[in-house]
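J.: If you scroll down you'll find the structure; I have some questions about it.
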Amino acid sequence: MKIFVPTKFVVPERLEADKYIIRKLTVKDCKLDYEAMISSVAVIKQVRGETSCHSTWPSTEFTFEDNKKDLINMEKEFFERKAFYFTIMNKDETKCFGSIYFFPIHLYFPKENKKYDVDFSMWVTQEAYDQDLYQELFSIVINWLKKDWPWDFSRIKIRNTEVPKIIEIN
């Protein structure tokens, strides 16, 4: 199996931005994460695209317990360095603005394995989107990927169907 990140690479678990904290998503975030996700199903599908491998997620039928199971699995995969999941919180960590996902491309898009190594996607809440925070957060994450992660940026598949126009991807 292909190694997702080099063994000696220290995986960033936190990024401080002016208005946000981006940090490892854990099961302790279940309540805020669930509230953010369930209140924003339409905008999540809009920015991530419904034709992705997770086209049934999110759904209004997704329960708190479903979310808890997902977060337990995400935390385990993060620990095992198989995939990386982050939450976007306000500075006092009382509100979730969305999530960020970095997967090995072969998990969901095996046919694109020769062109890409990483599948990146993110979503924000309807409230954050309405306040034009999506573009700002997307830009922060792109810069973080380029600066602090070991991947060749040209080999990262950006799954989001709505890529802010202000972003220079290459």
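J.: How much accessible area per residue does the range 1-93 have, in Å², with a 1.4 Å probe? Intermediate values should be presented prior to the final figure.
T.: Numbers: 5270 Å² over 93 residues.
Value returned for the range 1-93: 57 Å² of accessible area per residue.
J.: Among the GluC sites (Glu not before Pro) within the range 67-170, which fall in a DSSP loop and have no more than 11 other Cβ atoms within 10 Å of their own Cβ?
T.: Numbers: sites: E75, E77, E80, E93, E112, E127, E136, E162, E168; in loops: E80, E93, E162, E168.
Listed in order of number, the matching sites are E80, E168.
J.: Using a Gaussian network model of the chain with C-alpha springs under 10 Å, which one of T87, T26, T60 is most mobile by mean-square fluctuation?
T.: T60
J.: Would you mind counting up the charge near K68? Only other residues with Cβ under 14 Å from its Cβ, with Lys and Arg at +1 and Asp and Glu at -1. Intermediate values should be presented prior to the final figure.
T.: On the way: positive: K28, K31, K69, K76; negative: D29, D33, E35, E65, D66, D70, E75.
Around K68, the surrounding residues sum to -3.
J.: Also, quick follow-up: In a Gaussian network model over the chain where Cα atoms closer than 10 Å are linked, find which of D18, D148, D92 has the largest mean-square fluctuation.
T.: Most flexible of the set in this elastic network: D18.
J.: Sort out the exposed loop trypsin sites (Lys or Arg not before Pro) in the chain (DSSP loop, at most 13 other Cβ within 10 Å) and tell me the longest stretch that has none.
T.: On the way: sites that count: K2, K8, K19, K91, K114, K115, K165.
In short, 20-90.
J.: Would you please give the FRET efficiency between V41 and K82, computed as 1/(1 + (r/R0)^6) with r the Cβ-Cβ distance and R0 = 22 Å, to the nearest 0.05? Write down the numbers at each step before the final one.
T.: Values: r = 27 Å, r/R0 = 1.21.
That gives a FRET efficiency of 0.25.
J.: In addition: Can you give the calculated 222 nm mean residue ellipticity of the chain, where each DSSP H run of n ≥ 4 adds -39,500 (n - 2.57) and the sum is split over every residue, rounded to the nearest 500 deg cm²/dmol? Spell out each step's value before the answer.
T.: Numbers: 6 runs with 58 residues, N = 170.
For the chain, the value works out to -10000 deg cm²/dmol.
J.: Now a separate question. Based on the alpha-carbon gyration tensor of the chain and its eigenvalue square roots a ≥ b ≥ c, which shape applies: rounded if a/c is under 1.5, prolate if not and a/b is larger than b/c, or oblate?
T.: Numbers: a/c = 1.29, a/b = 1.22, b/c = 1.05.
Cα axes put the chain in the rounded bin.
J.: In addition: With the full set of protein chains in place, find how many percent of the accessible area of the chain is carbon and sulfur; take the probe as 1.4 Å. Write down the numbers at each step before the final one.
T.: Values: 4800 of 9070 Å².
The value for the chain is 53 percent carbon and sulfur by accessible area.
J.: Next question, about the same structure. Summing Lys, Arg as +1 and Asp, Glu as -1, what charge do residues with Cβ under 11 Å from the Cβ of V43 carry, V43 excluded? Don't skip to the answer; put the middle values down first.
T.: On the way: positive: K45, R48; negative: E127, D130, E162.
That sum, taken over residues with Cβ under 11 Å, equals -1.
J.: Quick one: length gained pulling F9 to N143 fully straight, 0.36 nm per residue minus the C-alpha distance? Walk me through the numbers on the way to the answer.
T.: Working: separation 134, 0.36 × 134 = 48.24 nm, distance 1.81 nm.
So the chain would gain 46.4 nm between F9 and N143.
The values are calculated or read from the model by the stated rules, or taken from the named source; none is laboratory data. Because the structure is predicted, anything quoted here is derived from the model rather than measured. Methodologically, a virtual Cβ is constructed for each residue, glycine included, from the backbone with ideal geometry; neighbour enumeration extends over all protein chains shown. Quick note on the areas: whole protein, heavy atoms, side chains included, nothing else; ligands and nucleic acids left out. Shrake-Rupley method; radii C 1.70, N 1.55, O 1.52, S 1.80 Å.
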